[in-house]
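Read through the structure below, which is laid out as structure tokens, and then see the notes.
The values are calculated or read from the model by the stated rules, or taken from the named source; none is laboratory data. On a predicted model such as this, the values are computed, not experimentally measured, just so you know. Cβ placement follows ideal geometry from the backbone for every residue including glycine, while neighbour counts extend to all protein chains displayed. Each accessible area value is taken on the protein alone, full model and side chains, heavy atoms only, with ligands, DNA and RNA left out. Shrake-Rupley method; radii C 1.70, N 1.55, O 1.52, S 1.80 Å.
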Amino acid sequence: EQLGEQPPAILSTARGAPVVGERLVGSVSHKRDLVIGMAARPSAGTLGVDLEDYGPARLSIAQSILRPEELAQIADLPDNRRWISLLLRFSIKECVYKAIDPWVQRYVGFKEAMVEPDLQGGARVQLYLDKGEGPFRIDAGYTWLHGRLVTSVRACLADAPDEPPPVARPVVVPDPSA
């Protein structure tokens, strides 16, 4: 409604991506008792949002998720900081995949993106897409929410006019299946 539209029914594509009508783009993520959604006009690009619990720490996934450069960046961190850094990169990569899926229409592996988070709630994302799609411009951000991590990404073609990123306004709704 903040975008001047009546919220449509959220359907999904054959690949499982949400469809929020013809006049909006959006993304959804959920955990046991929390659902987060984000929507924008298509002119702002496409969106990805992800919600992750802090724990339990699963450092063993690092080799599957991170590129060699990322592994080197977190190697000397204490375990608790290494986990948060890994979780942040994992979650932003999930958002990237959701945001670029409308263009690439395929599974994108975790190592096709490199994420360099900053300490101010943003991140630089570099894509290494196996099939050479794009180029895309990626705007990424994150915030901490009561023991959870919320990440969001806006993706657009690199030559698209520069527009401000959509305002990430998480909508918190109890999950009825919890």
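Here the chain is assigned +1 on the Cβ of each Lys and Arg and -1 on the Cβ of each Asp and Glu. Its dipole about the Cα centre then comes out at about 280 debye.
Taking the protein heavy atoms of segment 56-132 in the context of the full set of protein chains, the accessible area attributed to carbon and sulfur is 53 percent at 1.4 Å. Restricting the trypsin sites (Lys or Arg not before Pro) of segment 23-110 to loop positions (DSSP other than H, G, I, E, B) with no more than 10 neighbouring Cβ atoms within 10 Å leaves Arg32.
Across segment 115-122, coupling constants 3J(HN,Hα) worked out from phi with the 6.51/-1.76/1.60 Karplus curve, θ = phi - 60°, read 10, 10, x, 9, 8, 9, x, x Hz, and Gly and Pro carry x. Counted over segment 16-116 with a bin width of 10 Å, the fraction of Cα pairs per bin, in whole percents, is 14, 41, 31, 12, 1.
Calculate, for segment 40-130, the solvent-accessible area per residue in square angstrom, rolling a 1.4 angstrom probe over the heavy atoms of the protein chains.
Accessible area per residue, segment 40-130: 47 Å².
From the protein chains alone at 1.4 Å, what is the descending order of accessible area for Leu71, Leu66, largest first?
Descending order: Leu71, Leu66.
Listed by chain and number, the lysines placed with their C-alpha closer than 26 angstrom to that of Lys31 are Lys93, Lys98, Lys111; residues fewer than eight positions away on the same chain are left out.
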